[in-house]
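Chemist: First, the structure itself, so that you have it in front of you.
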Amino acid sequence: MNLLAVEKPARYMGGEMGSIRKDVAKLRIALAFPDVYEVGMSHLGLRILYHILNAVDGLAAERVYSPWPDMEQQMRDAGARLATLETATPLADCDVIGFTLQYELSYTNILNMLNLAGIPLYASERENGFPLIIAGGPCAYNPEPLAPFFDAVLLGDGEEAILEIAEAVRQAKQQGLGKAELLEQLAKIEGVYIPSFYEPGYNPDGTVAGIAARRGSPARVRRRFLENLDTAPFPTETVVPFMKTVHDRVAVEIARGCTRGCRFCQAGYVYRPLRERSPATILRIADEALRATGYDEISLLSLSTGDYSCVEPLLTELMSRYAHDRVAVSLPSLRVGTLTEGLIDEIKKVRKTGFTLAPEAGSERMRKVVNKGITEADLLETAFNVYRAGWRSIKLYFMIGLPGETIDDVQQIAALARQVKDQAKRSGNPGDVNVAVSNFVPKAHTPFQWEPQISTDEILEKQYLLHTELKKRKLRLKWHDAPLSFMEGVFARGDRRLAPVIARAVELGCRFDGWGDHFSKERWQQAFSDCNIQPEWYLRRRGLDEVLPWDHLDCGVTREFLLKERELALTESATLDCRNGNCGACGVCDFEAVANHLSGDTSVPAREVQKDQEPAAARMRLRFGKAGAMRYLSHLELITVFTRAVSRGGVPILFSQGFHPHPRFSFATATSVGVESTAEYMDMFVADGIAAAEVMRRLNAVLPEGLKILAAEQADVKAPSLSTLIDKTRYRITFDESLSGQLPQQCVQFMAHSEFIIQRKKKGEVQSIDLRGEVAALSALGSSVELVAGRGKPVEFARAITGNDALQADDIRIEKLEVIFNTAPTP
């Protein structure tokens, strides 16, 4: 594929630092994320499975993401098949393809990826020669709209189950078992659901009459539980992307599960029970991960990080260890009631990574309905403390369309947001509030699974009302697109009759539906019409005695408990947090293997940190090369690679001053994407006392294949910057062999010009460049030319020399051979 012709080549390069390549394996598993690379690379679950699987001899786990439309078009034009990043193995040649189901609006991407791989979409059409197609993730708790496409679905925690699945597939492969026999073996693994072993029936009114279990399968498939999170494997040497991703940091899962019982939150029910990692384990993971990745931020992940048993001493120790190294710590899921002044003071020590609070509802009444458990006074006091600590902006998350909501409840969102902003004035600091509003979508396995979803028109009316009310109060609103929430609601509580709709939508060109600019309401309407499906029917209120499409899938929480919670919501009654022993009898725990597991050891091991004074600076001047896939790195991506490399390699880099400190290094020039080079130069400021040769050794030990430091020397700290010393650059440009006979004459003709003016647009301005005036030397040899020139891009010179204005960078090979300086600064 031509990576120069796509928007972001780094999405498809592979070879990142930390990636694991196994050219020979007994079993090859493709971990497939049905979204673009930078979204999928931020997903913690896939990182965990990638390292668990690759730790097993003979087993190779590789990654594959949904190609962006520009790459998809290239693939279809060339007849190329979708392949893995690590070894470029076509998906059809893998043994297993495992999709993660994170979001309902990624469903079309799943089918499109199978189509690009040349794999039949429906499980019934895939014979023995095709890979096993499996899925897992939060949407697996109602996979029915996708059930006809999957061979197997894993419900629940995957750390142990994925190895059992892999072993079953390996044995079946070794014994020559067919697909039917393999599925029977997989069905014996706890948490594995085989859709073809269950057959739904329907009543005349369209509701589900029942779900019949076949082939001796149990009536219900119970999810898989990981008993002890503290002893579970967790990766510290993760893949470090070249490009910026959605969550570009070390992510440490400090707890799994939540006991708060917010009635709208599916994750709060399907991830029960609560299991915490010990502080010692968390600190070890953070330490190893920072060294291995070079990141400068740690994110402590859980559904409610502030509820972690010893979050304040843990955060204090993390800050003590890493603040001097300018490593920030973020807590992305903080609950209002858990934010103490001490916790806020710790968070602000390095840099303020943003503060988000989620009241969910504007009125006290609605917060009682959803069992949010926070009061208006709690929220305002927290906001006051946040502003007083120096934050200038707070983001507030709300939902509209919750069961029982009135117009007054919606208006109180704006009133509460204004009161939050008033806390900034009260604190004596300037402050702002950004309001983000999502639309409530009822989810399976929650107390609200029987409730209706409000229509698109109702959503738009409430959004407009909020926009008007907030504008009066000089506050900004961000909202979720109503048509996207409509589609999410259809599939969140859908059944197997929606599978042909998804397949038809893919045929019509639906892709990346969760990205607003790619979503096509018209195509989806056509798909529903072509399949004779009324999508609005899936948003209706469900009968309390109705068979639901997911009733044969057991998340652990009982139907009786969910019905009781629904009744409590109607009476605006609270359910206590079961963290401290107030058992609500939800059905998850057996109080032996499966139970809440809080960290018994609340002591936080302290480590003395040597806080030296800022050391004297030494300037290292480096020459490096970039070849192979690395030539596709943009300048910003190259900066990211070196930022990570200096940390991973233990190079004592110095940092800039200011609010957002950066490593002190700079490049001589920004070489164009696609250009190979053995003459890239950079200056790096490090602590005095390390030799240039040692800096080179440490960097080369961690840089990815294709990037290599070729020479290093120490330069004067006060020497001029490299960019001011460049005079000319020598390139080799190689053309198609058919031009070899013409190039000598074309070079002569070009050099005979007194001038050769071209114009280019940059930031709206037209620039004129005399290419001939910039050329100091030009010669031809075979199908190549060697060029010594000043300003100007190699492809511009190639067009001028050949007279071919249509020539593109991907039509030629460009090598940067030498930089000629007006003094001699180079190693």
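The values are calculated or read from the model by the stated rules, or taken from the named source; none is laboratory data. Quick caveat: nothing in here was measured; it's all calculated off a predicted structure. Virtual Cβ from ideal backbone geometry, glycine too; neighbours counted across all protein chains shown. Remember, those area values only see protein heavy atoms, side chains included, never the ligands or the DNA or RNA. Shrake-Rupley method; radii C 1.70, N 1.55, O 1.52, S 1.80 Å.
Chemist: Do we have L598 as among the hydrophobic types (A, V, I, L, M, F, W, C), in contact with a strand residue (DSSP E or B) (Cβ under 6 Å, 6 or more places away or on another chain) and at pLDDT 90 or above here? Before the answer, list the steps.
Modeler: Values: among the hydrophobic types (A, V, I, L, M, F, W, C): yes; in contact with a strand residue (DSSP E or B) (Cβ under 6 Å, 6 or more places away or on another chain): yes; at pLDDT 90 or above: yes.
Yes; evaluated as a whole, the condition is true for this residue.
Chemist: Next up: Select from segment 477-496 the residues that are under 16 Å from E144 (Cβ atoms) and open to solvent by 30 Å² or more (accessible area, probe 1.4 Å) and list them in ascending order.
Modeler: The one that is under 16 Å from E144 (Cβ atoms) and open to solvent by 30 Å² or more (accessible area, probe 1.4 Å): R496.
Chemist: Let me ask you something else. Mind listing whichever residues of segment 629-662 are aliphatic (A, V, I, L, M) and loosely packed, with under 15 Cβ neighbours inside 10 Å?
Modeler: To start, the set of residues in segment 629-662 that are aliphatic (A, V, I, L, M) comprises 629-630, 633, 636, 638-639, 641, 645-646, 651, 653-654.
Selection gives L636 alone.
Chemist: What strands (runs of 3 or more DSSP E) completely inside segment 318-415 contain at least 3 residues that are open to solvent by less than 60 Å² (accessible area, probe 1.4 Å) and under 24 Å from P661 (Cβ atoms)? Working first, answer last.
Modeler: Details: elements: 328-330, 356-360, 393-400.
Answer list for segment 318-415: 328-330.
Chemist: Might you let me know whether segment 261-278 holds any residue that is over 30 Å from Y141 (Cα atoms) and part of a helix (DSSP H, G or I)? Break it down into steps so the answer makes sense when it comes.
Modeler: Our first condition is that a residue be over 30 Å from Y141 (Cα atoms); within segment 261-278, this holds for none.
Within segment 261-278, none of the residues are over 30 Å from Y141 (Cα atoms) and part of a helix (DSSP H, G or I).
Chemist: Check off (1) out of contact with any Phe, Trp or Tyr (no Cβ under 8 Å at 6 or more places or on another chain); (2) farther than 25 Å from A232 by Cα; (3) modelled with pLDDT under 95 for M17 and give me the number that stays unchecked.
Modeler: (2) is the only condition that M17 fails.
Chemist: For segment 310-326, enumerate the residues that are of a type outside the set (A, V, I, L, M, F, W, C) and touching a residue at least 40 places away in the same chain (Cβ under 8 Å). Can you show your working first?
Modeler: Kept after step one, since they are of a type outside the set (A, V, I, L, M, F, W, C), are these residues of segment 310-326: 312-313, 316-317, 320-322, 324-326.
If the condition is that a residue be of a type outside the set (A, V, I, L, M, F, W, C) and touching a residue at least 40 places away in the same chain (Cβ under 8 Å), then P313, T316, E317, S320, R321, H324, R326 are the ones that fit.
Chemist: Pull up segment 535-557, narrow it to residues that are open to solvent by 50 Å² or more (accessible area, probe 1.4 Å) and touching a residue at least 24 places away in the same chain (Cβ under 8 Å), then point me to the one that is farthest from the chain's Cα centre (by Cα).
Modeler: Filtering segment 535-557 for residues open to solvent by 50 Å² or more (accessible area, probe 1.4 Å) gives 536-537, 540-541, 544-545.
After this cut, where a residue has to be touching a residue at least 24 places away in the same chain (Cβ under 8 Å) as well, the list is 536-537, 540-541, 544.
Details: E536: 31, W537: 33, R540: 33, R541: 34, L544: 37 Å.
Within segment 535-557, the match that is farthest from the chain's Cα centre (by Cα) is L544.
Chemist: Same structure, new question: When you check D612 against the structure, is it open to solvent by 60 Å² or more (accessible area, probe 1.4 Å), at pLDDT below 95 and either under 30 Å from G581 (Cα atoms) or polar (S, T, N, Q) (or both), yes or no?
Modeler: Numbers: open to solvent by 60 Å² or more (accessible area, probe 1.4 Å): yes; at pLDDT below 95: yes; either under 30 Å from G581 (Cα atoms) or polar (S, T, N, Q) (or both): no.
The answer is no for D612.
Chemist: Being among the basic types (K, R) and over 29 Å from T640 (Cβ atoms) is true for just one of R772, R697. Which residue is that?
Modeler: R772
Chemist: Mind listing whichever residues of segment 157-204 are over 33 Å from the mean Cα position of the chain (by Cα), of a type in the set (A, V, I, L, M) and open to solvent by 20 Å² or more (accessible area, probe 1.4 Å)?
Modeler: L177, A180 - these are the residues of segment 157-204 that are over 33 Å from the mean Cα position of the chain (by Cα), of a type in the set (A, V, I, L, M) and open to solvent by 20 Å² or more (accessible area, probe 1.4 Å).
Chemist: Out of D296, D307, D345, D408, I need the residue that is touching a residue at least 24 places away in the same chain (Cβ under 8 Å) and over 30 Å from T236 (Cβ atoms). Which one? Break it down stepwise before answering.
Modeler: Working: D296 fails: over 30 Å from T236 (Cβ atoms); D307 fails: over 30 Å from T236 (Cβ atoms); D345 fails: over 30 Å from T236 (Cβ atoms).
Just a single option satisfies the conditions, and that option is D408.
Chemist: How do the strands (runs of 3 or more DSSP E) wholly within segment 768-827 filter down when requiring 1 or more residues that are polar (S, T, N, Q) and either touching a Phe, Trp or Tyr at 6+ places or on another chain (Cβ under 8 Å) or open to solvent by 40 Å² or more (accessible area, probe 1.4 Å) (or both): which remain? Even if it seems obvious, please write down each step before you answer.
Modeler: Numbers: elements: 775-781, 784-789, 813-821.
Those strands (runs of 3 or more DSSP E) span 775-781, 784-789.
Chemist: From the list M696, M684, which residue is modelled with pLDDT of 95 or more and either assigned to a strand (DSSP E or B) or farther than 20 Å from R621 by Cβ (or both)?
Modeler: On the way: M696 fails: either assigned to a strand (DSSP E or B) or farther than 20 Å from R621 by Cβ (or both).
Going through M696, M684 in turn, the sole match is M684.
Chemist: Now, a different point. So which helices (runs of 4 or more DSSP H) stay within segment 1-105 end to end and still have 2 or more residues that are open to solvent by 10 Å² or more (accessible area, probe 1.4 Å) and over 27 Å from V250 (Cα atoms)?
Modeler: Details: elements: 37-40, 44-54, 69-78.
Those helices (runs of 4 or more DSSP H) span 69-78.
Chemist: Then there is this: Name every residue in segment 562-592 that is among the acidic types (D, E), free of Cβ contacts under 8 Å to residues at least 60 places away in the same chain and part of a helix (DSSP H, G or I), in order of residue number.
Modeler: We begin by selecting, within segment 562-592, every residue among the acidic types (D, E); these are 565, 567, 572, 577, 590, 592.
Then keep just the ones that are free of Cβ contacts under 8 Å to residues at least 60 places away in the same chain; that gives 567, 590, 592.
Passing the criteria: only E567.
Chemist: Report every pair of residues separated by at least 6 positions or lying on different chains whose Cβ atoms are under 6 Å apart, first residue within segment 669-683 and among the aromatic types (F, W, Y), second buried (at least 20 other Cβ atoms within 10 Å of the Cβ) and in a loop (DSSP other than H, G, I, E, B).
Modeler: These pairs meet every condition: Y681/A668.
Chemist: Which of the residues belonging to segment 374-403 are aliphatic (A, V, I, L, M) and out of contact with any Lys or Arg (no Cβ under 6 Å at 6 or more places or on another chain)? First the steps, then the outcome.
Modeler: As a first pass, look at segment 374-403 and keep what is aliphatic (A, V, I, L, M): 374, 377, 379-380, 383, 386, 389, 394, 396, 399-400, 402.
Residues satisfying the conditions are I374, A377, L379, L380, A383, V386, I394, L396, M399, L402.
Chemist: Can you work out which of the residues in segment 663-679 that are open to solvent by 50 Å² or more (accessible area, probe 1.4 Å) and not polar (S, T, N, Q) is farthest from I814 (Cα to Cα)? Quick ask: steps written out before the conclusion?
Modeler: Here is the first cut: in segment 663-679, the residues open to solvent by 50 Å² or more (accessible area, probe 1.4 Å) are 664, 666, 669-670, 673, 678.
Going one step further and asking which of them are not polar (S, T, N, Q), we end up with 664, 670, 673.
Working: R664: 29, A670: 15, V673: 10 Å.
My answer is R664.
Chemist: Okay, moving on. Somewhere in segment 235-254, is a residue free of Cβ contacts under 8 Å to residues at least 60 places away in the same chain, over 30 Å from L85 (Cα atoms) and in contact with a helix residue (DSSP H, G or I) (Cβ under 7 Å, 6 or more places away or on another chain)?
Modeler: no
Chemist: Residues of segment 115-140 being without any contact (Cβ under 8 Å) to a residue 24 or more places away in the chain and either within 27 Å of H445 (Cα to Cα) or of a type in the set (D, E, K, R) (or both), which ones? It would help to see each step written out before you state the result.
Modeler: Initial filter on segment 115-140 (without any contact (Cβ under 8 Å) to a residue 24 or more places away in the chain): 120, 125, 129.
Residue satisfying the conditions is E125 alone.
Chemist: Sort out which residues of segment 488-534 are in contact (Cβ under 8 Å) with a residue 60 or more places away in the chain and part of a loop (DSSP other than H, G, I, E, B), and write them in order of number.
Modeler: Correct list: R493, G494, D495, C510, R511, F512, D513, G514, H518, F519.
Chemist: A further question on this structure: What tally of residues in segment 274-289 results from selecting those that are buried (at least 22 other Cβ atoms within 10 Å of the Cβ) and either among the polar types (S, T, N, Q) or out of contact with any Leu (no Cβ under 6 Å at 6 or more places or on another chain) (or both)?
Modeler: Here is the first cut: in segment 274-289, the residues buried (at least 22 other Cβ atoms within 10 Å of the Cβ) are 274-279, 282, 286.
If we keep only those that are either among the polar types (S, T, N, Q) or out of contact with any Leu (no Cβ under 6 Å at 6 or more places or on another chain) (or both) too, we end up with 274, 278, 282, 286.
Residues meeting the conditions: 4.
Chemist: Oh, and also: Working carefully through the options I758, I733, find the one that is aliphatic (A, V, I, L, M) and open to solvent by 20 Å² or more (accessible area, probe 1.4 Å). Break it down stepwise before answering.
Modeler: Working: I733 fails: open to solvent by 20 Å² or more (accessible area, probe 1.4 Å).
When all the criteria are applied, what remains is I758.
Chemist: Evaluate segment 144-151: report whether one residue or more is open to solvent by 10 Å² or more (accessible area, probe 1.4 Å) and in contact with a Lys or Arg (Cβ under 7 Å, 6 or more places away or on another chain). Spell out the reasoning first.
Modeler: Applying the first criterion (open to solvent by 10 Å² or more (accessible area, probe 1.4 Å)) to segment 144-151 yields 148.
Within this subset, residues satisfying the condition of being in contact with a Lys or Arg (Cβ under 7 Å, 6 or more places away or on another chain) are 148.
Looking through segment 144-151, at least one residue is open to solvent by 10 Å² or more (accessible area, probe 1.4 Å) and in contact with a Lys or Arg (Cβ under 7 Å, 6 or more places away or on another chain).
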